[in-house]
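Let me begin by presenting the structure, written as structure tokens, before commenting on it.
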Amino acid sequence: MHILALRSYGDYVILLNSIKHAGLKENITIVVSNHLKPLHEALNPNFSKNFEFIFKDFGIKNGLLGFFTNRYFFRFNTLFEVLKLSFFIKSLRINEEKIFLEHSARKILLNLFLGKKLHHLYKKGNVYEVLGRFFGLESNHKTFQLSKCHSKNKVLIFPDSRKKHKVINEATMEQLSSDLTRLKVDFKIAKFGTLKNENSQSTSQIAYSDFKALVLLIRDCDFVISSDSVPVHIAEFLEKQHMVIYNDKVNYNWLTPFAKIHHMYTTFKETPIFINKYFN
């Protein structure tokens, strides 16, 4: 069996998390696009020997295969990506063995372009649960436990997201910072890139510039508060307590097992109520 990892960073961490707890004994080759390699190396997963990872350059430049997006679907580079993918699949010389995409989106159209029947891991429902069933989630597996967060614990807040509507807005961040300060919680706001002013650097904000730094930050903290984005899935993979803040509607299909089981999710509007209940 071959699985093609061609999508976003968050999708890849979810896939790795499912493999981490897999009970499936079949030999599986995960073909990973090179754009995901820095994230893979930062997480440094150690899985059973029946999972083999190989990295390939499909020319992906915009975070996932352009064929799966509306924005890049008609770009020349998307055609280049699909051609490289087609050449690779043909080089495998596979007849009976199944090849899987992560998601079903545009699978039929991609099959037509490739002249090859691909299968999919996920179509609907909670993505962690669906992938867990596919990989034969270990029967004795239980998510890590929720414990009360104290003022001495290190809390990291990740407000950003690749999608603008998921970014925790300024008003919510101001209220969140105010509440945590009042409750004497040791927290930092982590942002990708460089900070805008020196004052922020000396108070509550820190910056990271790559996946290695991001993973180290999450490993070193006790609790993660995040938008619906890759840091919360990394927190799940590293078994760090976390909560997810959504805009106005909870995306139950992408909730991590920890957040779902322990009800560690809220919306911008309900954030103050949640923070005062949990941290007080």
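Is it true that some residue in the stretch 39-48 is at pLDDT 95 or above and within 24 Å of Lys116 (Cβ to Cβ)?
No, the conditions are met nowhere in the stretch 39-48.
Please tell me if Asn126 is surrounded by fewer than 16 Cβ atoms within 10 Å (Cβ to Cβ), modelled with pLDDT of 90 or more and not assigned by TED's automatic domain parsing to the domain that holds Leu217.
no
Just wondering, is there one or more residues in the stretch 145-152 that are small (Gly, Ala, Ser) and surrounded by 17 or more Cβ atoms within 10 Å (Cβ to Cβ)?
Within the stretch 145-152, not a single residue is small (Gly, Ala, Ser) and surrounded by 17 or more Cβ atoms within 10 Å (Cβ to Cβ).
Looking at the stretch 165-196, which of the residues that are crowded, with 16+ Cβ neighbours inside 10 Å and part of a loop (DSSP other than H, G, I, E, B) is nearest to the chain's Cα centre (by Cα)?
Val167
Conditions first: (1) outside any loop (DSSP other than H, G, I, E, B); (2) out of contact with any strand residue (DSSP E or B) (no Cβ under 6 Å at 6 or more places or on another chain). Lys25 passes all but one, so which condition is the exception?
Here Lys25 meets the rest and fails (1).
The values are calculated or read from the model by the stated rules, or taken from the named source; none is laboratory data. Just so we're clear, the structure is a prediction, and the values are computed from it rather than from any experiment. Cβ sites come from the backbone with ideal geometry, for glycine too, and all protein chains shown count toward neighbours.
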